[in-house]
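Chemist: My questions all concern the structure below.
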Amino acid sequence: MSLEKNIADVFALPESSVVDSLTLSDIPTWDSLAHMMLIVRLEEAYQVQFTGDEIADLKSVGDARAILQAHGVEP
């Protein structure tokens, strides 16, 4: 499943609206609980373990893509 699809599912967004420039401030439902739901979803989908710093630094779709790429995953 693509990164865009995973994010769209967590935040109930149209997949077409999920672009790298989309930030947490653009999504009203992106609160701390939704943030952790996204982290768990991505860790399970891509079989990675994010560090605390990576979790704190994830503030946009582009950030998620970069963090996954740093783990050797092409989302």
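The values are calculated or read from the model by the stated rules, or taken from the named source; none is laboratory data. Predicted model only: the values in this text are computed from it and were never measured. A quick note on method: Cβ atoms are made from the backbone with ideal geometry, for glycine too, and the neighbour counts reach across all protein chains shown. These accessible areas exclude ligands, DNA and RNA; they are computed on the full protein's heavy atoms, side chains included. Shrake-Rupley method; radii C 1.70, N 1.55, O 1.52, S 1.80 Å.
Chemist: Just add up the charged neighbours of Ile67: K/R +1, D/E -1, any other residue whose Cβ is under 14 Å from the Cβ of Ile67.
Modeler: Numbers: positive: Arg41, Lys59, Arg65; negative: Asp20, Glu43, Asp53, Glu54, Asp57, Asp63, Glu74.
So the environment of Ile67 carries a net charge of -4.
Chemist: Modelling each spin label as a point 7 Å along the Cα-to-Cβ direction, I'd like the Met36/Thr51 distance in nm, to one decimal.
Modeler: 2.2 nm
Chemist: Right, another one. If the label point is 7 Å along Cα→Cβ of Thr23, which residues in region 32-75 have backbone nitrogen under 20 Å from it?
Modeler: Answer for region 32-75: 32-36, 38-39, 53-68.
Chemist: A further question follows. Which residue fluctuates the most in the chain, going by a Gaussian network model with Cα springs under 10 Å, if the choices are Asp53, Asp31, Asp20?
Modeler: Asp53
Chemist: Which percent of the accessible area of the chain is formed by carbon and sulfur heavy atoms (probe 1.4 angstrom)?
Modeler: 55 percent
Chemist: Rg and Dmax of region 25-68, Cα atoms, in Å?
Modeler: Gyration radius and largest Cα-Cα distance of region 25-68: 9.9, 28 Å.
Chemist: Shifting gears a bit: Counting heavy atoms of the protein chains only and a 1.4 Å probe, report the per residue accessible area for the chain as a whole number of Å².
Modeler: Values: 4180 Å² over 75 residues.
For the chain, the per-residue accessible area is 56 Å².
Chemist: Something else now. Can you compute the charge dipole magnitude of the chain about its Cα centre, using +1 on each Lys and Arg Cβ and -1 on each Asp and Glu Cβ, nothing else charged? Give it in debye, rounded to the nearest 20.
Modeler: Details: 4 positive and 13 negative charges, 17 e Å.
Value, rounded to 20: 80 debye.
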